[in-house]
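Data block below; observations after.
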Amino acid sequence: MDQEIFIIGLNHRTADVEVREKFALTGCTSLEPAVIPLGNGISEVIILSTCNRVEIMVAGRGDDVPDTVLSLWANARGQHPEELRPYVYIHRGLAAVEHLFTVASSLDSMVLGEPQILGQLKDAYRDAVARNTTRVILNRMMHKAFSVAKRVRTETAVASSAVSISYAAVELAKRIFGEMNEYKAMLIGAGEMAELAATHLLNCGVNKIYVANRTFERGLELAKQFDGEAILFEELFTRLPEVDIVISSTGAQQAVIRAKDIRDVLKRRKNRPMFFIDIAVPRDIDPDVNNLDNVYLYDIDDLKEVVEENLSHRREEAAKAKAIVRSETEVFGRWLRLLDLQPTIVDMYSRSTEIAQEELLKTLRRIGPVDESTQKALEAMLNAVVKKIHHEPICFLKRRYEEEDSGQRYIDFARRMFNLDNEPEQPEAHKNRKRPQPDLPAGCPGKTIL
């Protein structure tokens with residue numbers, strides 16, 4: 001193949017956040033054409049830029065492609081390439097393909113198995129297609145990456161269990177309550193952890209979310225975001241009997257909720273179960289609350305155990321996922337190798353179709369006009385004959401090309417055999433040629449074969 005695939009990038013493993021911010025490309029207008037224009041050996045490009053990685057996928061010609069990309073990338077950020085180089089990795093050929101499949105399958109993410117990266121890849125690809133910077137190679141590679149990611153999610157459990165504190169908290173609530181659509185939840189505090197918990201609660205179908213925060217305006221802002229209701233912090237214990245699930249994540253230095261407060265709440269709830277998740281440090285909820293009947297209390301240490309257990313399970317599943325990635329990379333590699341055959345296959349069909357059409361016209365001139373349906377039937381028959389005649393030779397070419405290192409030799413044979421390059425025939429090519437004489441046993445009279 002005269003073009004090669006490259007991935008030039010940096011991520012959370014090779015560069016800290018300051019470097020990633022410095023070389024991020026999310027703010028660039030008309031991303032691919034502005035940063036990495038086509039030309040200088042580059043024929044296709046897709047740029048992925050997220051908070052955890054920047055990766056530039058390129059199809060191009062020449063060993064200097066990575067250096068060209070590196071310079072263009074650094075220049076787009078007003079930096080010198082040598083400032084960027086120490087943090088960058090370069091993957092080439094099938095190593096680049098395997099890396100992309102690994103990224104798409106969430107096996108290279110900061111949180112193993114998180115689904116966000118696949119959506120980000122799809123967005124990056126969609127934008128590149130809109131800017132007309134992809135062709136056959138990167139198009140095929142990206143579509144294959146998406147199917148590999150789907151296969152990994154279908155055939156492994158690499159993304160099936162909770163690996164964030166907020167997610168684990170909500171998963172625990174689901175274990176206790178089952179279907180969540182009949183239950184109400186309250187968030188105490190309105191920070192990032194509370195926001196993540198609210199997102200997971202809504203995804204599980206919780207009936208309603210209340211937000212209690214010391215700064216009411218911030219609580220109101222978060223409540224609006226999730227179509228919930230903000231309540232004054234002073235009304236906390238008045239409203240607690242209405243809720244079944246409480247997730248607390250304030251910055252208080254001492255307990256916000258004590259056992260004596262919850263006894264009164266439980267009476268007003270007629271002892272219906274309550275689920276408390278304390279993800280604050282220091283803890284918001286007095287551990288004595290867990291001694292009350294029909295109360296389930298988990299703190300951040302409990303959740304960390306769940307997360308670590310689930311991460312361990314994900315790592316086991318990741319081994320299966322990596323085997324899928326390797327297998328699919330080999331399949332893609334075979335397709336890449338066969339790209340060199342495509343022009344010859346196309347030329348074979350074109351030459352034979354051209355000959356068939358010429359012979360059809362001769363025949364029609366000889367037999368006279370025919371109706372339209374008859375002409376279409378004749379054309380369909382000729383097309384079918386052309387395909388059937390070429391089926392075995394093309395299968396032979398593909399087999400030999402995949403099985404042997406000297407695949408180009410078979411392409412050359414095919415092009416010469418069918419004269420696909422329109423080489424002039426030598427005038428003496430068929431003159432004075434005798435068929436070879438067979439080897440006969442001693443004493444047998446020979447016969448010249450003309």
Lysine pairs in region 267-425 8 or more apart or on different chains: how many have alpha carbons under 27 angstrom apart? 9
Amide H proximity to Ser43 below 5 Å, modelled H, separation 5+ or other chain, gives Ala59, Gly60, Arg61
To the nearest 10 Å², what's Tyr167's accessible area with a 1.4 Å probe? 70 Å²
For the chain, the charge dipole (Cβ of Lys, Arg +1; Cβ of Asp, Glu -1; about the Cα centre) points to a positive end, and the Cα of Thr238, Ala198, Asn132 closest to that extreme belongs to Asn132
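What do you reckon, how do Asp244, Asp286, Asp412, Asp63 stack up by accessible area (1.4 Å probe), largest on top?
My answer, sorted largest first, is Asp63, Asp412, Asp286, Asp244.
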Under 5 Å between amide hydrogens, which residues at least 5 positions from Glu229 or on another chain qualify, with H placed 1.01 Å from N in the peptide plane? Ile209, Tyr210, Val211
Just to verify a number: what accessible area does Ile355 come out at with the full protein assembly present, 1.4 Å probe, Å² rounded to tens? 90 Å²
Mind listing the long-range amide H neighbours of Leu112? Cut-off is under 5 Å, sequence gap 5 or more, other chains count too, H placed in the peptide plane at 1.01 Å from N. none
Order of exposure, largest accessible area first, which applies to His391, His313, His12 with probe 1.4 Å: His391, His313, His12
Helix 407-417: inclination vs the chain longest Cα principal axis, degrees, rounded to 10, gives 40 degrees
Helix 116-130 vs. the chain, principal-axis angle (Cα, 0 to 90°, nearest 10): 50 degrees
For the chain, give the share of DSSP beta bridges that are antiparallel, in percent and rounded to the nearest 5; count only bridges with both residues there. 45 percent
Given unit charges at Cβ for Lys, Arg (+) and Asp, Glu (-), the dipole magnitude of the chain about its Cα centre in debye, nearest 20, is 1640 debye
Partner lysines whose C-alpha sits under 20 Å from that of Lys224, ignoring same-chain residues fewer than 8 away, are Lys184, Lys208
Cross-link candidates for Lys22: which lysines have Cα within less than 30 Å, leaving aside residues fewer than 8 places away along the same chain? Lys122
Among Val88, Val325, Val346, which one shows the biggest mean-square fluctuation in a GNM of the chain, springs joining Cα atoms closer than 10 Å? Val346
Vicinal HN-Hα couplings computed from phi for region 39-53 (Karplus, 6.51 cos²θ - 1.76 cosθ + 1.60; Hz; Gly/Pro x): x, 6, x, 9, 10, 8, 7, 9, 10, 10, 9, 10, 5, 9, 7
For region 252-351, listing trypsin sites (Lys or Arg not before Pro) in a DSSP loop whose Cβ sees at most 12 other Cβ atoms within 10 Å gives Lys270
So what J values fall out for region 393-398 if you push phi through Karplus, 6.51 cos²θ - 1.76 cosθ + 1.60 with θ = phi - 60°, rounded to Hz, Gly and Pro as x? x, 5, 4, 4, 4, 5
For region 7-114, what's the radius of gyration and Dmax over Cα atoms, in angstrom? 13.1, 37
Using +1 at the C-beta of Lys and Arg and -1 at the C-beta of Asp and Glu, which of Leu292, Ile279, Leu338 has the Cα lying farthest in the positive direction of the dipole of region 277-344? Leu338
With T = 25 °C, eta = 0.890 mPa s and Kirkwood Rh from C-alpha pairs, the Stokes-Einstein D of the chain in µm²/s is about 87 µm²/s
Backbone HN-Hα couplings from phi across region 275-292 [Karplus 6.51/-1.76/1.60, Hz, Gly and Pro as x]: 10, 10, 10, 9, 10, 9, 9, x, 5, 8, 10, 4, x, 4, 4, 5, 7, 7
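The values are calculated or read from the model by the stated rules, or taken from the named source; none is laboratory data. From a predicted model like this one, the values you see are computed outputs, not experimental measurements. Methodologically, a virtual Cβ is constructed for each residue, glycine included, from the backbone with ideal geometry; neighbour enumeration extends over all protein chains shown. What goes into the accessible areas is simple: the full protein's heavy atoms, side chains included, and nothing from ligands, DNA or RNA. Shrake-Rupley method; radii C 1.70, N 1.55, O 1.52, S 1.80 Å.
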